Amino acid sequence: MKPIYIAKEEADRNSLEFKSAVKQADARGVNVVHVTPDMITLTRTQARNRAAYQKAQEAAEGIGRQVIIVPDNAPEPLTGPLASKTFLKTESTIYVTSELMRSRADFLRLEAEAKRNHQQLRPIKSWDALPDAERKELEALVSEA
C-alpha cells in the first residue's frame, strides 16, 4: 500500500491536516511520509531516471504540488533558518515568498496587516532572490527569535 504524504511544514506545525493524515495512516496500516522540498526537486539528470522521477512525482502529488526540475548546475536550495519560512516580518516590511502567494487568503491577510501597521509588503520569488547582505540580515533576525 502507498504511504500517506504530508508536507513537512504541516507536520512541524502539528496542523489538523497532519493529525488527519496520521489517523488515516493508522487506519490503513501505512506510513506517513514527511515531504521536504528536496524530495520533489530534481536536477535534469535526476529527472531522466524513471524511478527517481516517479518517486518525486508521487511525493509531490501527495501534497498537491508538482515536481520541480532545475538545471544541473543550479545552486543548492537554501538551507538554514529561512528555508521553511513563507513570510517574514520586520519593523518596516513584510517579506512574502511566492510559495505563500499561492494561498490567496494568506496573502490577503498579510496585505491587510501590512496596511494596518503601515508596513511595506514585499513579494519575492524566493529567499535566494534577495541580495546576500539582506538575506543574511534576515537570517540573523530569524536565528535570534
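Computed from the coordinates by the stated procedures, all read-outs in this text should not be read as laboratory data. As the structure is a prediction and not an experimental result, all values here were calculated from the model. Note: ideal-geometry Cβ built from the backbone for every residue, glycine included; neighbour counts use all protein chains shown.
A compact table of results
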item: Segment 87-144 - share of DSSP beta bridges that are antiparallel (%, nearest 5); result: 40
item: Bins of 5 Å from zero: percent of alpha-carbon pairs in segment 4-70; result: 4, 19, 26, 20, 16, 9, 6, 1
item: Inverse of mean 1/r across different Cα pairs in the chain, Kirkwood, Å; result: 17.2
item: Of Asn14, Ala52, Gln66, farthest towards positive along the dipole that unit charges on Lys, Arg, Asp, Glu beta carbons give segment 4-70; result: Ala52
item: Prolate/oblate/rounded call for segment 87-144, Cα gyration tensor, a/c under 1.5 rounded; result: oblate
item: Residue-averaged 222 nm ellipticity for the chain, from DSSP H runs of 4+ at -39500 (n - 2.57), nearest 500; result: -13000 deg cm²/dmol
item: Point-to-point label distance, Asn73-Ser15, nm (Cα→Cβ direction, 7 Å offset); result: 3.7
item: Lysines whose Cα lies under 25 Å from that of Lys23, excluding same-chain neighbours fewer than 8 positions away; result: Lys2, Lys8, Lys55
item: Long-range HN-HN contacts of Val33 with modeled amide H, under 5 Å; result: Ile4, Tyr5, Ile6
item: Ascending count of other beta-carbon atoms within 10 Å, so fewest first, for Arg104, Arg135; result: Arg104, Arg135
item: GluC sites (Glu not before Pro) within segment 84-114: DSSP coil, no more than 12 neighbouring Cβ in 10 Å; result: Glu91
